[in-house]
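Bear in mind that the values in this text are calculations on the coordinates, not laboratory data. From a predicted model like this one, the values you see are computed outputs, not experimental measurements. Cβ placement follows ideal geometry from the backbone for every residue including glycine, while neighbour counts extend to all protein chains displayed.
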Amino acid sequence: MKCNVFGILAIVTLSPLVSVPMMSAQTIATANVPFAFTVANTEMSAGNYVITSVSDSAITVINRSKGTGVISPFHSEQPRNNNDTTKLVFHRYGDTYFLSQVARGSGETVIQLPISKRENKAQIQNAGSVSDKEVVVAAK
């Protein structure tokens with residue numbers, strides 16, 4: 001009987017500690033990305049991703065099927081148009097993709113990721129190339 005009471009007290013005491021971190025991360029978007037890409041100098045494989053906000057200036061990009069992810073800083077910008085679509089925007093240089101923005105839709109602010117050293121290098125290597133462009137992946 002004493003063990004059961006101790007176990008129940010432990011669960012009641014520890015459950016707020018476990019639930020608070022789960023509640024603080026807010027899902028911003030989910031998307032199926034059909035190509036490998038880079039976030040904050042980290043290569044990510046193609047797959048089903050969930051993007052969550054972990055603070056006012058950082059997001060996580062997590063591959064659901066592989067359980068791998070990365071944390072990236074960001075800054076918020078006002079949307080350039082009134083597009084209500086949630087989407088991921090990638091910069092493409094040759095066959096290399098870099099996550100650039102996460103647009104939440106509904107006129108909310110756009111999450112702008114910083115240009116990484118890898119992307120900066122790709123920009124320099126592909127200077128003047130006409131194949132450099134933005135690629136949009138629809139998200140939920």
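The 3J(HN,Hα) values that the Karplus relation (6.51, -1.76, 1.60; θ = phi - 60°) gives for the range 49-58 are, in residue order, 10, 10, 10, 10, 8, 10, 6, 6, 9, 8 Hz. Gly and Pro appear as x. Among 88-101, 38-51, 113-126, sorting by the average number of other beta carbon atoms lying within 10 angstrom of each residue, highest first, gives 88-101, 38-51, 113-126.
Taking label positions 7 Å along the Cα-Cβ direction at both residue 81 and residue 66, the computed distance is 3.2 nm, reported to one decimal.
Would you mind working out the magnitude of the charge dipole of the range 25-138 relative to its Cα centre, with +1 at each Lys and Arg C-beta and -1 at each Asp and Glu C-beta, to the nearest 20 Debye? Mind dumping the intermediate values first?
Values: 10 positive and 9 negative charges, 43 e Å.
Computed charge dipole of the range 25-138: roughly 200 debye.
Summing charges over neighbours of residue 140, with a neighbour being any other residue whose Cβ is under 14 Å away from its Cβ, gives +2 when K and R count +1 and D and E count -1.
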